[in-house]
Amino acid sequence: MNRSLHLAPLALLAVGLAPAAPAAAGEPLGTDLFAGYSFAKIDDASRHGANAALGFDLLGPVDGFVDASGHWGSAEGTDLDDLTLMAGPGVRFGKRTGTVIFVRVLAGLVRDRASIAVLDVDISESSSRFGVLAGGGLDFPVTRKLAIRAQGDYLWNDVEEGSKSSGFRASAGVVYRFGIAP
């Protein structure tokens, strides 16, 4: 499939975010740290893992995000692992101590590893490449400093023609909001 066809949904998301950015220009939302469980359906294989992310005020209504996740699973006797390290812009809507909605488009490193054990020998192959992660989520307040997050993302990464290594990721966990009095 043509590479430009893969980028079309991401371009549409970026164009859709542009007019929404001024609406997010209310109160700065500060810095938050997320950690939680993550489920990914990549290359038709289900994988379980963990996700950590940092969100922070960047420039006016545009926020910065840094995201790291790791997933583990197996398919047809092959152990599958993936690691993503991403960063990029997004926007957050809401009040600092209330419900926050966010959307973001991140880019960075995707590392996959497939391995199989034969007798006592582990045979593995790994690859690193460029990837894009686009999605969003909701933070529901529990206390002034803590929130519960539910988020969903689509991972696209640059693989050889005919290969498939993109898919959806869903995460849920706890958000700690820095700089708020208890």
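Quick check, is residue 94 of a type in the set (Gly, Ala, Ser), surrounded by fewer than 19 Cβ atoms within 10 Å (Cβ to Cβ) and modelled with pLDDT of 90 or more? Taking the combined requirement at face value, the residue satisfies it. Sub-7 Å Cβ pairs linking a first residue in segment 131-157 that is under 11 Å from residue 104 (Cα atoms) and touching a residue at least 40 places away in the same chain (Cβ under 8 Å) to a second residue that is buried (at least 16 other Cβ atoms within 10 Å of the Cβ) and among the acidic types (Asp, Glu), at least 6 apart or interchain, are 133/67; 133/153; 134/153, ordered by first then second residue. Counting only residues that are at pLDDT below 90 and either part of a loop (DSSP other than H, G, I, E, B) or farther than 30 Å from residue 80 by Cα (or both), segment 31-58 holds 2 of them. Candidates 117, 75: the one that is free of Cβ contacts under 8 Å to residues at least 60 places away in the same chain and more than 16 Å from residue 48 (Cα to Cα) is 117. Being charged (D, E, K, R) and within 18 Å of the chain's Cα centre (by Cα) is a description that applies to residue 41.
Pull up segment 122-165, narrow it to residues that are surrounded by fewer than 12 Cβ atoms within 10 Å (Cβ to Cβ) and under 14 Å from residue 32 (Cβ atoms), then point me to the one that is modelled with the lowest pLDDT. Ranking the qualifying residues of segment 122-165, first place goes to 143.
The values are calculated or read from the model by the stated rules, or taken from the named source; none is laboratory data. These numbers come from a predicted model, not from an experiment. Note that each Cβ is placed from the backbone with ideal geometry, even for glycine, and that neighbours are counted across all protein chains shown.
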